1. Filter the helices (runs of 4 or more DSSP H) completely within the range B:327-445 down to those with at least 2 residues that are surrounded by 15 or more Cβ atoms within 10 Å (Cβ to Cβ) and under 35 Å from the mean Cα position of the chain (by Cα).
2. Which ones in the range A:219-246 are part of a loop (DSSP other than H, G, I, E, B) and out of contact with any helix residue (DSSP H, G or I) (no Cβ under 7 Å at 6 or more places or on another chain)?
3. Is it the case that residue B:381 is within 14 Å of another protein chain (Cβ to nearest Cβ) and at pLDDT 90 or above?
4. Answer yes or no: is there a residue in the range B:421-430 that is away from chain A (no Cβ under 14 Å) and closer than 30 Å to residue B:147 by Cβ.
5. List the number of the failed condition for residue B:48; all other conditions in (1) modelled with pLDDT under 90; (2) within 30 Å of residue A:161 (Cα to Cα) hold.
6. Is it the case, given these coordinates, that residue A:79 is more than 23 Å from residue A:64 (Cβ to Cβ), buried (at least 21 other Cβ atoms within 10 Å of the Cβ) and at pLDDT below 90?
7. Checking the condition more than 30 Å from residue B:76 (Cβ to Cβ), in contact (Cβ under 8 Å) with a residue 60 or more places away in the chain and within 14 Å of another protein chain (Cβ to nearest Cβ), which residue from B:479, B:472, B:485, B:464 passes?
C-alpha cells in the first residue's frame, strides 16, 4: 500500500490486503478527504516512504554461464508491506529471490536491504547479515533433520549470532499453533505443520526482509489461504517487508503490489 | 546449540552409519593398542624378573628353556644337574660368583610351583616378609603374595604338594609330612609372587619318598642320581648301616630307620631306578625324615647343601662378583667342560623378544591397516552424508553460517567418530588384555594388569584424531563449497 506509511495504517493495510475485492473502500477514504488534506497525505506519504523502505532492487542483472543475461525490473517494498513477484517457471523468479537474499552475486545493480547494499558484503559478513536480516521460506520446508523443531529455531538464532531466546521461540511456535510439536523432529510433523515450522524458523530472528519462494504452490486452497494469512500477519507483527515469489495465480488477487516477470 | 553439539546430534541421528565407522575404527585402534600393551607387559615381566641374574646353569638342553623354566617358571626343566658338578659353583668361596642360588623344581600345589632353594632366592627379588617368617626347617614354606592370595594360604596352613609342574593334580604327595606355611611375602611384581618356596632338602625328600611309592609314575625332570649309590643300596639289601653311601651326610644326619619301611622302600627304589632312566638319592629321604631340629637349622642356607654330593638340583642362578674376562669365559667353560649348560638371561630374553616381537608387530601392522581403512570408511561415510544433507548445509548458510562454519562442522563429525572409535578401541584392547591376562594367569601364573593405561595409548589418541581429521578434510572442503543457490533451486 502506498497511501499511508504511518504505523497506524498497518492494520488497515492488512485489512485491505485481506479483502482486496474491497479496494474501492481504500480509495473512498482518499476521496472523502478534502483536497487540502489529500495533498498533505501525499506529502506525508512520500516522506515516510523512504523511511519505511526495507528493500530496494535497482537495475539488477545476472547471467548464468552460457545463457542470455537476465534483467530484472526495479522492485521496492516497505516495512510491513507485501510485494508479489509473479512469473512462469524458468523466468528467473528464484534467481531474483536468491539475488535478493545475497545467495547469488548480481552482475550489476544494487540490492539494498535496510539501508545496506548487500552486493558490497561478502564472505562471513554477508552470511551473518543474511542470518540476521533475511528470513527465507522455501517451497519445500527444509530443516536440520537431526534436530527438533525447537532446536532448529534456536540454531537459527545461534548461527545468526543472536542470543538464544527461548521465550521468542515458544511464543512463535505457539502463535503458529505448533507449540506442542516443538520437541518433535521435523520429519514427524505433517506437511502443513512443517511449512508453519519453516515460517517460524524464517521469522525467529525478526528479519527485516522475509522472502518466500513459492510458499503456496504445493498447497490446496484452504492451506494456501492459511499460509498467506500467517505470512502477511507475521510480516506486519515483525515489521518486516514480505516479498513472495510465485507462479501461483491465486495470490494475484490478494496482494495488490506486484511485479510480473516476463 | 554449538557446533560440537550439532555435529554430535548429526552423527547420532544416523546411529547405524556411526556404529559402522566407530566399530571399524575401534578395531584398528584396539589392535594397535593391544600390540603396545602386550609389548609393554611382556617387556616389563621379562625385565622385572631378570633380578640381576647373570647366568643360569642348568642341564644341557635349550638355553631359552632353561631360562624360562628357572627364572620365569613357565617351562619345564631341561633336566637335572648333579650336586657334584654344582657344588663348585655354589661354594661361597668361588672367586667369580657373588651369589649362587640353587633351584630345585618338581612339584606344585594347585598349579603354583614349589621351589626348593636357599634364603638367597627371595633376596634376588628383594622380597620381604609380609606375615610370619621365612622358612627355616624342612617342610616349611614361605609363599609368594599372589600365590598365597589365590591359594588362600595363611600362616600355619598345611598342604601336600602334587607331582609335576602343572596344576593337574596327577597325584598328591600325601605320604610325606605336609608343607607348613610359615610366612607370606610382600608383593614384588616379580615371579616370586607366584611361587611357594622351601628348602632344597624338602624337595629332595618328597621325591625320594614319592618315587618309591609310585614307581610307575612318569616324571618330567627331577633329581637324577648317581648309579652307584643305588646299586650299592640294592646290593646291601637294606642293610641300614649306610656307612658307605652316606659318608658325606653322616655328620649331618641321624640314621635311625624303620626297618620294614626301608626294606620295601629300597626294593622299590631300585626297581624304580631300573624302570625309569633316573634314580634317587640313596635313602636320603630317611635321613631327612628324621632330621633333628638342630640339623635342619640353617637348611635354607647354601652352605648346608655343599655336602650333598649324591643329590641333584634343577639349576643354579648365578650373580657375578663383577664382570671381567673370566666371567666372560665362564659360560663357555661350563658348556665345554661339564655336563651342564650355562645360559645368559639377557641374551636369551632378547632373542625371545625378537621372536615374539615379530608376531606382536604383525598384530600392530594389522591394526594400523585397519585404522587406515577405517579412516577411508569415515571419509566415505561423511562424503555420502554430504549429498544426503546438501539442503541442510545450504540451509545453515541461509541461517547465517559461514563457509568456515560448515567446514568446522564436518571436521568435528570426523573427530567425534575418531574419539568414539578411540574410546571403543581402548575398551577392546582392555578386553583383549583381560583375555591375555586370563590366559597368562591360568597358563603361567603371571599376573598382568590389563587396565594399565600406557603412554602409547595416549599417543594413539593423537593418532586417532589425526586420522579423523584427515578423513574429514575433503568432505569438509566440499561442504564449505556448497553452492547454496544451486542446491536450493534444485528440486
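The values are calculated or read from the model by the stated rules, or taken from the named source; none is laboratory data. As the structure is a computational prediction, the values presented were derived from the model and not from experiment. FYI the Cβ positions are ideal-geometry reconstructions off the backbone, even for glycines, and counts take in every protein chain you see.
1. In the range B:327-445, B:345-388, B:403-444 are the helices (runs of 4 or more DSSP H) which contain 2 or more residues that are surrounded by 15 or more Cβ atoms within 10 Å (Cβ to Cβ) and under 35 Å from the mean Cα position of the chain (by Cα).
2. Going through the range A:219-246, the residues part of a loop (DSSP other than H, G, I, E, B) turn out to be A:219-220, A:239-240.
Scanning the range A:219-246 gives A:220, A:239, A:240.
3. no
4. Yes.
5. Answer for residue B:48: the failing condition is (2).
6. yes
7. B:479
For (1) under 16 Å from residue A:54 (Cα atoms); (2) within 14 Å of chain B (Cβ to nearest Cβ), each residue gets a yes or a no:
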| site | (1), (2) |
| --- | --- |
| A:206 | yes, yes |
| A:221 | no, no |
| A:239 | yes, no |
| A:257 | yes, no |
